[in-house]
Amino acid sequence: MELRKPRIVIFASGSKEGGGSGFENMVNATRSGILNAEITAVISNHEHGGVRERAERLGINFIHFPLPRNAEKYQEIVGDADLICLSGWLKPVVGLDPKKTINIHPGPLPRFGGSGMYGHHVHEAVMEAYKRGEVTHSAVSMHFVTENYDEGPLFFEFPVEILPTDTSETLAKRVLAVEHQWQPVITQKVLSGEINWDKFVS
């Protein structure tokens, strides 16, 4: 009898025009064997847009998550998922088990995290710090999710060197490539228990 694969749900905001590349990358990783899991649904706050388009093309259940997004609604929408992955989800998260909820962030934490620090805002802030001589690298970070933006225990950080010719846009592209490389690999380590909450929270 074949063992049931772990079930993942992904939260990805995307936009009305696009987004959702991280979600698609995760789906592809389940199909190539990098990630031994089943992605049962992707959830977006946009009823139409990039995430929905990708979900329909990939054959993944799409769920629109409108307001109110309270603890009860979050718990209802994730159901019996074994792991919850935030991949470009821009809304506050409440009511979910932080031990099985993880996020990927396109910059070093905690300095370039918190409310309002997402997407291009992160890359612009990193580049401004670079121009002031305060940093030499950006990073891709992954952490467990608590109810405060980007404050859960950090368990992965991969540095991304900032080049003298970089703009926030060119840096964003390189950071995204690193996200796509590492997100499925590190997510698999969480699923296997190699990375777990208890190792990072004493």
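The values are calculated or read from the model by the stated rules, or taken from the named source; none is laboratory data. Quick caveat: nothing in here was measured; it's all calculated off a predicted structure. Here the Cβ positions follow ideal geometry from the backbone for every residue, glycine too, while neighbour counts run over all protein chains shown.
Looking at (1) buried (at least 16 other Cβ atoms within 10 Å of the Cβ); (2) over 29 Å from Arg69 (Cα atoms); (3) among the β-branched types (Val, Ile, Thr), which one does Val185 not meet, given that it meets all the others? In the conditions (1) buried (at least 16 other Cβ atoms within 10 Å of the Cβ); (2) over 29 Å from Arg69 (Cα atoms); (3) among the β-branched types (Val, Ile, Thr), Val185 misses (1) alone. Among the residues of the range 188-199, which ones are surrounded by 14 or more Cβ atoms within 10 Å (Cβ to Cβ) and outside any loop (DSSP other than H, G, I, E, B)? Once the filter is applied, which keeps residues that are surrounded by 14 or more Cβ atoms within 10 Å (Cβ to Cβ) and outside any loop (DSSP other than H, G, I, E, B), the range 188-199 yields Gln188, Lys189, Val190, Leu191, Trp197. One residue stands out in the range 1-32 among those that are farther than 18 Å from Ser44 by Cβ, without any contact (Cβ under 8 Å) to a residue 60 or more places away in the chain and not polar (S, T, N, Q): the one that is surrounded by the most Cβ atoms within 10 Å (Cβ to Cβ), namely Lys5.
Is it true that His64 is at pLDDT 95 or above, of a type outside the set (Phe, Trp, Tyr) and over 19 Å from the mean Cα position of the chain (by Cα)? Against the criterion (at pLDDT 95 or above, of a type outside the set (Phe, Trp, Tyr) and over 19 Å from the mean Cα position of the chain (by Cα)), His64 does not qualify. For Asp80, the requirement of being in a loop (DSSP other than H, G, I, E, B), more than 24 Å from Ala177 (Cα to Cα) and either touching a residue at least 12 places away in the same chain (Cβ under 8 Å) or in contact with a Leu (Cβ under 6 Å, 6 or more places away or on another chain) (or both) is met.
Per-residue answers, yes or no, for (1) part of a helix (DSSP H, G or I); (2) over 20 Å from Gln183 (Cα atoms); (3) in contact (Cβ under 8 Å) with a residue 60 or more places away in the chain:
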residue	(1), (2), (3)
Ile84	no, no, yes
Trp89	no, no, yes
Gly95	no, yes, no
Ile102	no, no, yes
Ala125	yes, yes, no
Gly133	no, yes, no
Ala139	no, no, no
